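All remarks here apply to the structure that follows.
FYI, it's all coordinate maths here, none of it is from the lab. The structure displayed is predicted, hence computed values, not measured ones. All Cβ positions, even for glycine, are placed from backbone atoms using ideal geometry, and neighbour counts span all protein chains on display.
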Amino acid sequence: MLLEKCVGPVDLGDKPLTQSQLERLWITDRERLLSCARRHLALRDYYLDRDAGLEGGKK
């Protein structure tokens, strides 16, 4: 899961959007961004823990 490619932003298309549509799409983009950031942080922490264990130290 940590190595999955992040999903990009929502495709807005080429037509005008209503305020409601825009808000829903914005929420989806925020969820994707936060999910991606959390995965990357978890992967970073995994490597820090692993490397610290290999070196016999703490992170």
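Taken together, the residues in the range 30-59 that are within 16 Å of LEU2 (Cα to Cα), surrounded by 11 or more Cβ atoms within 10 Å (Cβ to Cβ) and of a type in the set (A, V, I, L, M) amount to 6.
Quick check: anything in the range 20-30 outside any helix (DSSP H, G or I) and either on the phi < 0 side of the Ramachandran plot or touching a helix residue (DSSP H, G or I) at 6+ places or on another chain (Cβ under 9 Å) (or both)?
No, every residue in the range 20-30 fails to be outside any helix (DSSP H, G or I) and either on the phi < 0 side of the Ramachandran plot or touching a helix residue (DSSP H, G or I) at 6+ places or on another chain (Cβ under 9 Å) (or both).
Here ALA52, ALA42 are screened, and the one residue that is hydrophobic (A, V, I, L, M, F, W, C), part of a helix (DSSP H, G or I) and either in contact (Cβ under 8 Å) with a residue 40 or more places away in the chain or touching an Asp or Glu at 6+ places or on another chain (Cβ under 8 Å) (or both) is ALA42. Taking residues in the range 2-29 that are free of Cβ contacts under 8 Å to residues at least 40 places away in the same chain and surrounded by 10 or more Cβ atoms within 10 Å (Cβ to Cβ), and partners anywhere that are part of a loop (DSSP other than H, G, I, E, B) and among the aliphatic types (A, V, I, L, M), the pairs with Cβ atoms closer than 7 Å and at least 6 places apart or on different chains are LEU25/VAL10; LEU25/LEU12; THR28/VAL10; ASP29/VAL10.
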